[in-house]
Amino acid sequence: MRHFLILLAASTSLAACATGGTTSAEVADQTPTVAQAAAGPVDPASARKVQLGSFGFDTAGMDRSVEPGDNFYSFANGTWARTTPIPADRSNFGMFTMLEELSNQRTREILDEAARRPGSKIGDFYMSFMDRERVNAAGFAPIAPVLNRIDAARNQAELAALMGDLSRMGVNAPFGNYVDSDDKDPNTAIFQLSQGGLGLPDRDYYLSTDPALVAKRDAYRSYLVQLMKLVGAPNAVSRAAAVLALETQIAQAHWTPVESRDAEKTYNKLTAAQLTASAPAFAWTRYLDEVGIAGRPNLLVRQPSAIAGTAKVLAAAPAAAVKDYLRLQTLDTFAPYLSQPFVQSHFAFHGTALGGTPQIQEEWKRGVNLVTNAMGEEIGKVYVQRYFPPEAKAEMDVLVRNVIAAMDRRIQGLAWMAPETKTRARAKLAAFTPKIGYPEEWRDYSALQVSRNDLVGNVIRANEFEHRRQLNKLGKPVDRREWGMYPMTINAYANFAWNEIVFPAAILQPPFFDPNADPALNYGGIGAVIGHEISHHFDDQGSKYDETGALREWWTPGDVQRFNALTKQLVQQYDRYEVLPGKNVKGDFTLGENIGDLAGVAVAYDAYRASLSGRDAPVLEGMTGDQRFYLGWAQVWRRNYREPNLLQRLITDPHSPSEQRVAVVRNFDPWYQAFSVKPDDTLYLAPQERVRIW
């Protein structure tokens, strides 16, 4: 099981600079790097340059008219938020998206160069997308053979086989499937089934009577009608309505997001016979044969009642409705790679109706995203050579070691944890594998066939290539050198089963990390991110995995009881945050990420203070070291949202919105001291109300 720093969106790239906010001025820095801070004062003559402000923080983006104790996010970021528009082709915009744009620009250069080399697979893949004249002339002909196969299915067994075949092509209907470590035997790979098959983001979009979600449902119905009409299907309105009704039945069987994040509830190892018995009317044998796991003794079924319920719905539905369901799921999956009417319809629904984004991304950005998702490590080899110098990796090694050491000290000092559990927790921490920048071995794409003149074929072959790569893991020892993200990705993650924390190269740059910046900013930025990912292994789900990465109870009952009492306080704290009128953060859904933020900032602060070796940090532009640390945390979460995107995140994203992530500082005593926060300030919590877990 992996937990990510943020959730990635497929349509969040735009070339634009923030106005009136983040600066890129290079000013001589008089502060030490992370390594230098541990070694002692730095000679001003050896000082290097930073990329943000004079010491790593964009002071122009602050709003000093706001009291830090009333709204720390606005104090740190208010001018930036007020003066930075969301570009027309984005649903939100902030520090992550600005770095993503930089990463995309760099990737574009790599792909443009590759496209000029005959036989380059990444270049040919990219050009197959960029040749819009050819793509538009083809209409939906490239996907017609798949649609014809759906039409030709004669019975439920053939439809089930088609579902398995479509899953290999990348159509996530009606189930999601993948290969990953067995949670209770992490050195063994196992095939896993999860609920899926919905065209809307979540079950609530089908079942809720909230007017905002009803409107999304209506937009989806219209989108399905449009797809039907684009392929010349008669009776488009009634057929789309039947598919929406079918998906609504599937949604009724789905688990809630809170249920689906429970590591114990989602661990259900079944045989094929047991899976078949859960919904015997569905042709499971045909489905599993086509997926490619016939004869495997076991599989993990993440939401058994949802998967059985979905299978029962499909087995009982009229064959015509199931065919239309598969037809529309296929069209929705491949619409971005068909002619312009399909591209526009897909964006009008997914981009505008769901995310509020007015304008589709430029073609090159969509092409970059496509090839990155298909062959990311082939691009990553070049990216790392050009943009991730060895000294950046060396500086990150220091930071990671310091933050892990701070977490170890935190564990030793816990009052609520039993001594025997502390010993196991420290052993788990000592067994961590940090991955920084890029994988040790690059993925081999030599078996993937790419044609410069066949976009849809390339997409299907890439999906099938990845499906085969996953299946090839079965029956073999798990290769823990593998990465779940590409070097160009602006994100980070924790993998419970492998007991690892992972930081791709692209996130290791300002505002998260600048080796030339004030250490307080680096610890408040990437240091807190490191702490966040470390603490995921000890959050309400990660804590269920032991030092070997196995899902196994290792806490005493008293530890669990005391921990749950603390996390309940955090749930209640976040439940009170109203983000949109009448719509609050879901404290139980976002609990793991909120624990990550709480622990990440606490541990990074300790690591920062330890790096000073008892010395006082210099005062820079009137700011103390502690003030700069907390401002560094606030700066990385600068983000403006369109309201539809924010609504979707409240329902589907286990991370709290940016303002609430920054507000975690109200739980830390040093923050109150650094900014002279008083009892009548909005964010003030009495000492006994401040949540302290790790």
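The values are calculated or read from the model by the stated rules, or taken from the named source; none is laboratory data. Keep in mind it's a predicted model, so treat the numbers as computed, not measured. Cβ atoms come from the backbone with ideal geometry, glycine included; neighbour counts cover every protein chain shown. Keep in mind that these areas ignore ligands, DNA and RNA; they rest on the heavy atoms of the full protein, side chains included. Shrake-Rupley method; radii C 1.70, N 1.55, O 1.52, S 1.80 Å.
Of these, LYS216, LYS269, LYS265, which one is open to solvent by less than 30 Å² (accessible area, probe 1.4 Å), of a type in the set (Lys, Arg) and at pLDDT 95 or above? Working first, answer last.
Values: LYS269 fails: open to solvent by less than 30 Å² (accessible area, probe 1.4 Å); LYS265 fails: open to solvent by less than 30 Å² (accessible area, probe 1.4 Å).
Step by step, each of LYS216, LYS269, LYS265 is checked, and only LYS216 is open to solvent by less than 30 Å² (accessible area, probe 1.4 Å), of a type in the set (Lys, Arg) and at pLDDT 95 or above.
Right, GLU363: among the acidic types (Asp, Glu), surrounded by fewer than 16 Cβ atoms within 10 Å (Cβ to Cβ) and either more than 25 Å from the chain's Cα centre (by Cα) or within 22 Å of PRO510 (Cβ to Cβ) (or both) or not? If you could, list the steps in order and put the result at the bottom.
Numbers: among the acidic types (Asp, Glu): yes; surrounded by fewer than 16 Cβ atoms within 10 Å (Cβ to Cβ): yes; either more than 25 Å from the chain's Cα centre (by Cα) or within 22 Å of PRO510 (Cβ to Cβ) (or both): no.
Against the criterion (among the acidic types (Asp, Glu), surrounded by fewer than 16 Cβ atoms within 10 Å (Cβ to Cβ) and either more than 25 Å from the chain's Cα centre (by Cα) or within 22 Å of PRO510 (Cβ to Cβ) (or both)), GLU363 does not qualify.
Would you call GLY351 farther than 29 Å from ASN472 by Cα and buried (at least 18 other Cβ atoms within 10 Å of the Cβ)? Before you say what the answer is, go through the steps one by one.
Details: farther than 29 Å from ASN472 by Cα: yes; buried (at least 18 other Cβ atoms within 10 Å of the Cβ): yes.
So GLY351 fits the description; yes.
Would you check which residues across region 427-474 are open to solvent by 30 Å² or more (accessible area, probe 1.4 Å), part of a helix (DSSP H, G or I) and among the polar types (S, T, N, Q) and list them?
ASN463, GLN470
Only one residue in GLN561, GLN573, GLN569 is open to solvent by less than 50 Å² (accessible area, probe 1.4 Å), among the polar types (S, T, N, Q) and either touching a helix residue (DSSP H, G or I) at 6+ places or on another chain (Cβ under 9 Å) or without any contact (Cβ under 8 Å) to a residue 24 or more places away in the chain (or both), so which one is that? Lay out the reasoning, then the answer.
Values: GLN561 fails: open to solvent by less than 50 Å² (accessible area, probe 1.4 Å); GLN569 fails: open to solvent by less than 50 Å² (accessible area, probe 1.4 Å).
Result: GLN573 is the single residue among GLN561, GLN573, GLN569 that is open to solvent by less than 50 Å² (accessible area, probe 1.4 Å), among the polar types (S, T, N, Q) and either touching a helix residue (DSSP H, G or I) at 6+ places or on another chain (Cβ under 9 Å) or without any contact (Cβ under 8 Å) to a residue 24 or more places away in the chain (or both).
So, of the residues in region 40-58 that are open to solvent by 40 Å² or more (accessible area, probe 1.4 Å) and farther than 15 Å from PRO618 by Cα, which turns out to be modelled with the lowest pLDDT?
Initial filter on region 40-58 (open to solvent by 40 Å² or more (accessible area, probe 1.4 Å)): 41, 43-46, 48-49, 51.
Retained after the next criterion (residues that are farther than 15 Å from PRO618 by Cα): 45-46, 48-49, 51.
Working: ALA45: 29, SER46: 33, ARG48: 61, LYS49: 87, GLN51: 92.
Looking at the filtered set, the residue picked out is ALA45.
Please indicate, with yes or no, whether at least one residue in region 657-667 is part of a helix (DSSP H, G or I), closer than 19 Å to GLU100 by Cα and not aromatic (Phe, Trp, Tyr).
Taking region 657-667 and keeping what is part of a helix (DSSP H, G or I), we get 658-667.
Checking which are closer than 19 Å to GLU100 by Cα leaves us with 658.
Subset that is not aromatic (Phe, Trp, Tyr): 658.
Yes, region 657-667 contains a residue that is part of a helix (DSSP H, G or I), closer than 19 Å to GLU100 by Cα and not aromatic (Phe, Trp, Tyr).
Only residues that are assigned to a loop (DSSP other than H, G, I, E, B) and either open to solvent by 10 Å² or more (accessible area, probe 1.4 Å) or closer than 10 Å to ASN640 by Cβ (or both): list them for region 69-90, please. Step through it out loud before you land on a result.
Going through region 69-90, the residues assigned to a loop (DSSP other than H, G, I, E, B) turn out to be 69-71, 84-90.
Hits for region 69-90 are ASP70, ASN71, THR84, PRO85, ILE86, PRO87, ALA88, ARG90.
Give the residues of region 375-390 that are part of a helix (DSSP H, G or I) and open to solvent by 20 Å² or more (accessible area, probe 1.4 Å), sorted by residue number.
First, pick out the residues of region 375-390 that are part of a helix (DSSP H, G or I): 375-387, 390.
Result: GLU378, LYS381, VAL382, GLN385, ARG386, TYR387, PRO390.
Would you point out the residue of region 184-212, among those that are more than 20 Å from the chain's Cα centre (by Cα) and in a loop (DSSP other than H, G, I, E, B), that is farthest from GLU247 (Cα to Cα)? Let's see the steps before the verdict.
Applying the first criterion (more than 20 Å from the chain's Cα centre (by Cα)) to region 184-212 yields 184-191, 204-212.
Keeping just the survivors that are in a loop (DSSP other than H, G, I, E, B) gives 184, 208-210.
On the way: LYS184: 33, SER208: 14, THR209: 16, ASP210: 18 Å.
Filtering first and then ranking leaves LYS184.
Within region 282-303, identify whether any single residue is touching a strand residue (DSSP E or B) at 6+ places or on another chain (Cβ under 7 Å) and open to solvent by 70 Å² or more (accessible area, probe 1.4 Å), and answer yes or no. Before the answer, list the steps.
Initially, region 282-303 is screened for residues touching a strand residue (DSSP E or B) at 6+ places or on another chain (Cβ under 7 Å), giving 291, 293, 296, 298-303.
Still in the running and open to solvent by 70 Å² or more (accessible area, probe 1.4 Å): 296.
Yes, the conditions are met somewhere in region 282-303.
Filter region 266-293 for residues that are part of a loop (DSSP other than H, G, I, E, B), under 14 Å from LEU193 (Cα atoms) and of a type outside the set (Phe, Trp, Tyr) and give the result. Show your work before the answer.
Of the residues in region 266-293, the ones part of a loop (DSSP other than H, G, I, E, B) are 266-268, 271, 279-283, 292-293.
If we keep only those that are under 14 Å from LEU193 (Cα atoms) too, we end up with 266-268, 271, 292-293.
Of everything in region 266-293, those that are part of a loop (DSSP other than H, G, I, E, B), under 14 Å from LEU193 (Cα atoms) and of a type outside the set (Phe, Trp, Tyr) turn out to be THR266, ASN268, THR271, GLY292, ILE293.
Of the residues VAL322, VAL368, VAL398, VAL343, which is open to solvent by less than 20 Å² (accessible area, probe 1.4 Å), assigned to a helix (DSSP H, G or I) and closer than 30 Å to ALA528 by Cβ? Show your work before the answer.
Values: VAL322 fails: closer than 30 Å to ALA528 by Cβ; VAL398 fails: open to solvent by less than 20 Å² (accessible area, probe 1.4 Å); VAL343 fails: closer than 30 Å to ALA528 by Cβ.
Result of the check over VAL322, VAL368, VAL398, VAL343: VAL368.
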